[in-house]
Amino acid sequence: MIFALVVAFFSTMGFALLFHLRPKLLVPACMGGMLSWGLFLVCSQYLEGIFLPCLIASTFSALYAQLLAMRVKAPMAVLYILAVVPLIPGSGLFNSMSNVVSSNWDMVMHYGQITAQYACAIAFGMAVVTAASYALEVVRRKRNQQR
């Protein structure tokens with residue numbers, strides 16, 4: 001598990017360097033990727049399937065990115081993308097396309113379903129945090145207007 005976390009940290013760093021992230025944000029952004037992958041691995045041991053562990057890790061990633069973005073005054077989207085890099089189903093996409101080329105439609109459906117579960121969980125995780133953040137902002141503005 002420690003090896004997996006180290007790999008997640010450095011894979012996130014590769015994307016952070018590709019995105020030309022400010023040097024002072026490299027370590028915090030890479031920590032987000034490492035922590036999201038660690039949370040996914042822990043949740044995968046206790047929960048069945050792919051969707052729920054990935055949803056929990058994605059929700060954590062969005063929350064982490066939102067809080068980090070407010071603290072360091074950086075775009076939340078870039079930090080979120082970096083935090084979910086380890087969750088992106090690269091092997092599922094590769095296996096799906098490989099089986100499309102070889103016309104193995106049963107395996108295309110199998111890997112496509114797995115890939116779709118990851119993608120939906122990542123999207124829903126971000127949507128949950130974004131909606132909650134927006135709702136809290138609306139409540140905060142109404143309270144400030146009443147004062």
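In the set (1) in contact (Cβ under 8 Å) with a residue 40 or more places away in the chain; (2) over 23 Å from Val128 (Cβ atoms), the condition left unmet by Leu93 is number (1).
Residues are listed down the side, and each one gets a yes or a no for (1) over 24 Å from Leu5 (Cα atoms); (2) touching a Leu at 6+ places or on another chain (Cβ under 8 Å); (3) at pLDDT 90 or above:
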residue: Leu55; (1), (2), (3): no, no, yes
residue: Thr59; (1), (2), (3): no, no, yes
residue: Met107; (1), (2), (3): yes, no, yes
residue: Arg143; (1), (2), (3): yes, no, no
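Per-residue answers, yes or no, for (1) in a helix (DSSP H, G or I); (2) open to solvent by 10 Å² or more (accessible area, probe 1.4 Å); (3) more than 16 Å from Ile81 (Cα to Cα); (4) free of Cβ contacts under 8 Å to residues at least 60 places away in the same chain:
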position: Ala8; (1), (2), (3), (4): yes, no, no, no
position: Met13; (1), (2), (3), (4): yes, yes, no, yes
position: Ala16; (1), (2), (3), (4): yes, no, no, no
position: Pro28; (1), (2), (3), (4): yes, yes, no, yes
position: Gly32; (1), (2), (3), (4): yes, no, no, yes
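Answer yes or no as to whether Gln117 is over 19 Å from Leu26 (Cβ atoms) and touching a residue at least 40 places away in the same chain (Cβ under 8 Å). Considered against the rule, which asks whether it is over 19 Å from Leu26 (Cβ atoms) and touching a residue at least 40 places away in the same chain (Cβ under 8 Å), Gln117 comes out as yes. Being more than 18 Å from Phe15 (Cα to Cα), among the β-branched types (Val, Ile, Thr) and open to solvent by 30 Å² or more (accessible area, probe 1.4 Å) is the filter here; which residues of the stretch 56-115 pass it? Hits for the stretch 56-115 are Ile56, Thr59, Val72, Val100, Val101, Ile114.
Within the stretch 61-78, residues that are within 15 Å of Met31 (Cβ to Cβ) have Cβ atoms under 8 Å from residues that are small (Gly, Ala, Ser) and outside any helix (DSSP H, G or I) in these pairs: Leu68/Ala74, counting only partners at least 6 apart in sequence or on another chain.
Among the conditions (1) more than 15 Å from Val129 (Cα to Cα); (2) open to solvent by 20 Å² or more (accessible area, probe 1.4 Å), Phe40 misses just one, which is (2).
The values are calculated or read from the model by the stated rules, or taken from the named source; none is laboratory data. Note that this is a predicted model, so its numbers are computed, not measured. Glycine also receives a Cβ, built like all others from the backbone with ideal geometry; neighbour counts cover every protein chain displayed. Only protein heavy atoms, including side chains, enter the accessible area calculation; ligands, DNA and RNA are left aside. Shrake-Rupley method; radii C 1.70, N 1.55, O 1.52, S 1.80 Å.
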